[in-house]
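What follows is one structure encoded as structure tokens, with my remarks underneath.
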Protein chains: 2
Amino acid sequence: MSLLVVGSVALDTIETPFGISERTIGGSGTYISLSSSYFASHSKQVNVVAVIGNDFPEKGMTTFKEHGVNTDGIQVKENEKSFFWHGKYHHDMNSRDTLVTELNVLGDFDPVIPESYQDCEYLMLGNLAPKVQQNVIERLKKRPKLIVMDTMNFWMEPAFIDDLKHTMTMVDVLSINDEEARQLSGEYSLVKAARKIMTMGPKYLIIKKGEHGALLFHEKNIFFTPALPLEEVFDPTGAGDTFAGGFIGYLADTDDVSFDNMKRAIVYGSAMASFCVGKFGTDGLIDLPSDALTERVREFVDLVQFEIAMV
Amino acid sequence: MSLLVVGSVALDTIETPFGISERTIGGSGTYISLSSSYFASHSKQVNVVAVIGNDFPEKGMTTFKEHGVNTDGIQVKENEKSFFWHGKYHHDMNSRDTLVTELNVLGDFDPVIPESYQDCEYLMLGNLAPKVQQNVIERLKKRPKLIVMDTMNFWMEPAFIDDLKHTMTMVDVLSINDEEARQLSGEYSLVKAARKIMTMGPKYLIIKKGEHGALLFHEKNIFFTPALPLEEVFDPTGAGDTFAGGFIGYLADTDDVSFDNMKRAIVYGSAMASFCVGKFGTDGLIDLPSDALTERVREFVDLVQFEIAMV
């Protein structure tokens, strides 16, 4: 078994100018798992570790199973409620207000790694308390070939920053957005920010810029891919997690962690994110036709490729 | 003679968090001419049409000449002052306040095309009153092979929008920024905005997104190039004009207006813009070593190129 995904499996209420979607399945672990499932095969399953309450809909679990995601690592707390988030997007879709956050089962999440997950070679740590992410790494008997960690500004506050910095020393790739990179480094220039963050542990850094694309840094190399220009963005929720899921899914599938292959993984991650934002919640990630992803990647090639004869 | 550039040749006072530059040479015509001069040759000169007052420094004229720019079309109004702009950038360099705008000689600019400019095949209309841009097109005896028009939100106000829309029907390529594209089209999605704007005259549309790159639209094709991630942006003044100068300079030099060649022109324009923002005012465009541009374009190739075997 190849890919282990840890993250929140939650219920979201999402308001956008286009409508409202109430108590729909969401969370970093959900988006990452569904996205990476498109790169899985019989021998390379996606295995998720998470915790839910008894309010998580059976339909959500069915969705995982239909996408081949192994849910043996999802703990169900019978008398508790799932993590709940209620957010509202503004007209430009680039800013949002969090109206409600109920930690519920996530408050004391103690991740349990099923024995059958122990041989995973790729680990994706979705956004969670850095301490929990750290626990997962420590509970694996063998260090995975590649550990990718996503996090957010909340964990950069004084109460959590030491945990975050410690967990950062244990991972290979860190994935954050541009504002978070600035906050974490104290540098406005993303190039300077990246250089500083790469001295803090991760050898690779992904900076997500939402509708403006994503950057991958490693040593002196920089790779950039835009977000696909879309006619309509319905709901950006989960786009970053979906991107991360496509990234690690592609790497796990190809089992190649070279910088050149990471470039391709960034493109595949961006392609997956473009599906995510086109519909509400996880709807854009459900039952994609087999050639849809290839077609979407082709659009990226057309969008950015040019030929210049360099002397 | 091949390229005709029309625009403001002006004096700018620029304040940024890094310092202040007082009464330095600037204006759309200046940035475009200096940028496009790197693509000129003996047979393909850059010819500028503009108007200045007697306060424009001799050193500015010398700079044009040293870069091979033909200044025969620059009228000098002996008892008047040059267009003057004073702006101040905020810390993030993405927003600025205009503190002073003095139209001076631009107030009644009546462009005169020297006879020796009449055989130009490429026309770059830098930001100016749309009526003046229109006058230039009408005063050319032969329509150029390609007309590129840059403009700004100021001309989208009720007093000028009809002029702007009329001038737009006379050009091939329109170059505006993302906010202007939204204002002009009434569409938030840039894809929808582009589709609408391309029904208003220009067959090609460039949407500039500042530090987030630029998009080129034509029919159903979209091409994107990022801005080069830089350690430090000292002064964004003139970056859009410098981009336009590189774009039209490359097209005029290669004399090829295919979409594939326009992609390359966008990359060259972005490379020129990256030089512009690295220093104050026009300083980044002065006396660039001959291999600097090639090296910069190579950085763009490294930044965005990836290899994916498409089936």
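The values are calculated or read from the model by the stated rules, or taken from the named source; none is laboratory data. As the structure is a computational prediction, the values presented were derived from the model and not from experiment. Neighbour counts run over all protein chains shown; Cβ positions are idealised from the backbone, glycine included. We work out accessible area using only protein heavy atoms, side chains counted, and drop any ligands, DNA or RNA first. Shrake-Rupley method; radii C 1.70, N 1.55, O 1.52, S 1.80 Å.
Miscellaneous remarks
- Screening A:Lys88 against (1) modelled with pLDDT under 95; (2) farther than 27 Å from A:Val148 by Cα; (3) surrounded by fewer than 19 Cβ atoms within 10 Å (Cβ to Cβ) leaves a single unmet condition, (1).
- Selection within region B:106-150 - free of Cβ contacts under 8 Å to residues at least 40 places away in the same chain and in a helix (DSSP H, G or I): B:Gly107, B:Asp108, B:Glu115, B:Pro130, B:Lys131, B:Gln134, B:Asn135, B:Ile137, B:Glu138
- Enumeration of residues in region B:118-156 that are open to solvent by less than 10 Å² (accessible area, probe 1.4 Å), among the β-branched types (Val, Ile, Thr) and closer than 16 Å to B:Leu106 by Cα: B:Val136, B:Thr151
- Residue check: A:Tyr38 meets all listed conditions (1) closer than 18 Å to A:Phe275 by Cα; (2) open to solvent by less than 50 Å² (accessible area, probe 1.4 Å) but one, namely (2).
- Evaluated against (1) within 11 Å of chain A (Cβ to nearest Cβ); (2) of a type outside the set (Phe, Trp, Tyr); (3) within 30 Å of B:His86 (Cβ to Cβ); (4) under 14 Å from the mean Cα position of the chain (by Cα), B:Gly269 falls short on exactly one condition, (1).
- All positions within region A:279-304 that are in contact (Cβ under 8 Å) with a residue 40 or more places away in the chain, over 18 Å from the mean Cα position of the chain (by Cα) and within 14 Å of chain B (Cβ to nearest Cβ): A:Arg296, A:Glu299, A:Phe300, A:Leu303, A:Val304
- Among the residues examined, B:Asp163 qualifies as touching a Pro at 6+ places or on another chain (Cβ under 6 Å) and among the acidic types (Asp, Glu).
- Of the strands (runs of 3 or more DSSP E) that lie entirely inside region B:187-230, those containing 2 or more residues that are within 7 Å of chain A (Cβ to nearest Cβ) and open to solvent by less than 20 Å² (accessible area, probe 1.4 Å) span B:221-225.
- Taking every residue in region B:8-22 that is closer than 23 Å to B:Val136 by Cα and pairing it with any residue that is among the basic types (Lys, Arg), at least 6 positions away or on another chain, the pairs with Cβ-Cβ distances below 6 Å are B:Leu11/B:Arg23.
- Yes/no for B:Ser258 being of a type in the set (Gly, Ala, Ser), over 23 Å from B:Met61 (Cα atoms), open to solvent by 30 Å² or more (accessible area, probe 1.4 Å) and more than 7 Å from chain A (Cβ to nearest Cβ): yes
- Residues of region A:76-105 that turn out to be part of a strand (DSSP E or B) and either within 21 Å of the chain's Cα centre (by Cα) or free of Cβ contacts under 8 Å to residues at least 12 places away in the same chain (or both), as a count: 11
- Boolean, A:Lys165 is part of a loop (DSSP other than H, G, I, E, B) and either in contact with a strand residue (DSSP E or B) (Cβ under 6 Å, 6 or more places away or on another chain) or open to solvent by 10 Å² or more (accessible area, probe 1.4 Å) (or both): no
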